[in-house]
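In what follows, a single structure is set out as structure tokens and then discussed.
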Amino acid sequence: MARLRDPQRGCPWDLQQDFSTIAPYTIEEAYEVADAIDRKDWHDLRDELGDLLLQVAFHAQMAQEQGLFDFDDVAHAISEKMLRRHPHVFGDASYADVEEQKRAWDDIKAAERAAKGESHDDSALAGVSRGQPEWQRALKLQQRAATVGFDWPDHRPVIGKLHEELAEVAAEFDAGADHARLEDEIGDVLFVAVNLARHAKVDFARALKHANAKFERRFRRMEQLAAEAGKPLSASELAEQEVLWQRAKMEER
């Protein structure tokens, strides 16, 4: 990475990058690691972990150039954090069960924030990171709220709430609502959808991934059926496309 970033002999593209331009690649590589695991492709996982490690090296190199920290500092910081947050492994602490250990973990994180001089926050929602996908943050917020009893008893009222929020979206469309209003109401629908997945003990991201794969599979079959009929999908009317969609669905049953 140091060679790639060398001002005289380095790569022009690498030299143009900074933390903000590389961050999207870092996120992408993390998702590709998860995808390789999901596919149980261990050879690909090895390669994807290497790509993710490169991202760490890239950020560390840019930080070193600015005199902020270097790769060794990154490794040392995570080692110290793991020692600090696992007193039951590296110290004399003991916990009755996983739930008690999770509560202690949150207490340790709160102490770390206080040591950094961050303002004290007694909220049950304190410390929920903003640096994660918003659906995941919604899940964490709901889980935290549930720890103090603010939660639906089961899935049934959540489904009722989902119907309510969808009706509000429809009402905004009927009223000719502006973009901001629709964004707000659709956001409520998505938040409740995450809550429904939580109550069903379904991984929201995994469920959406399956839905994406299903759509892609069926859409590609539609294209194939249209080609077999001698007519591109783009040249078909919506009603014709719907017939093809239903055929693609039927073939999967």
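Here is the figure for region 146-174: residues that are surrounded by fewer than 14 Cβ atoms within 10 Å (Cβ to Cβ) and among the hydrophobic types (A, V, I, L, M, F, W, C) total 6. Looking at R206, is it open to solvent by 90 Å² or more (accessible area, probe 1.4 Å) and out of contact with any strand residue (DSSP E or B) (no Cβ under 8 Å at 6 or more places or on another chain)? Yes; evaluated as a whole, the condition is true for this residue.
From the list K249, K201, K231, the one residue that fits, being closer than 29 Å to K140 by Cα, open to solvent by 40 Å² or more (accessible area, probe 1.4 Å) and not hydrophobic (A, V, I, L, M, F, W, C), is K201. Look at region 48-62: where a residue is within 22 Å of I37 (Cβ to Cβ) and a partner is charged (D, E, K, R) and surrounded by 15 or more Cβ atoms within 10 Å (Cβ to Cβ), sitting 6+ places away or on another chain with Cβ atoms under 7 Å, you get E48/E29; E48/E32; D51/E29; D51/E32; L52/E29; Q55/E29.
Any residue in region 144-165 that's more than 25 Å from D106 (Cβ to Cβ) and in a helix (DSSP H, G or I): show its pairings with residues that are of a type outside the set (A, V, I, L, M, F, W, C) and open to solvent by 50 Å² or more (accessible area, probe 1.4 Å) at Cβ separation under 7 Å, as long as the two are six or more apart or on different chains. Sorted first by the residue in region 144-165, then by its partner, the pairs are E165/D188.
Within region 79-128, being of a type in the set (D, E) and at pLDDT 80 or above holds for E80, D92, D97, E99, E100, D106, D107, E112. No other residue among D72, D51 is open to solvent by 40 Å² or more (accessible area, probe 1.4 Å) and under 25 Å from the mean Cα position of the chain (by Cα) apart from D51.
The values are calculated or read from the model by the stated rules, or taken from the named source; none is laboratory data. Fair warning: this is a prediction, and the values are worked out from it, not measured in the lab. Backbone-built Cβ (ideal geometry, glycine too); neighbour counts: all protein chains shown. Quick note on the areas: whole protein, heavy atoms, side chains included, nothing else; ligands and nucleic acids left out. Shrake-Rupley method; radii C 1.70, N 1.55, O 1.52, S 1.80 Å.
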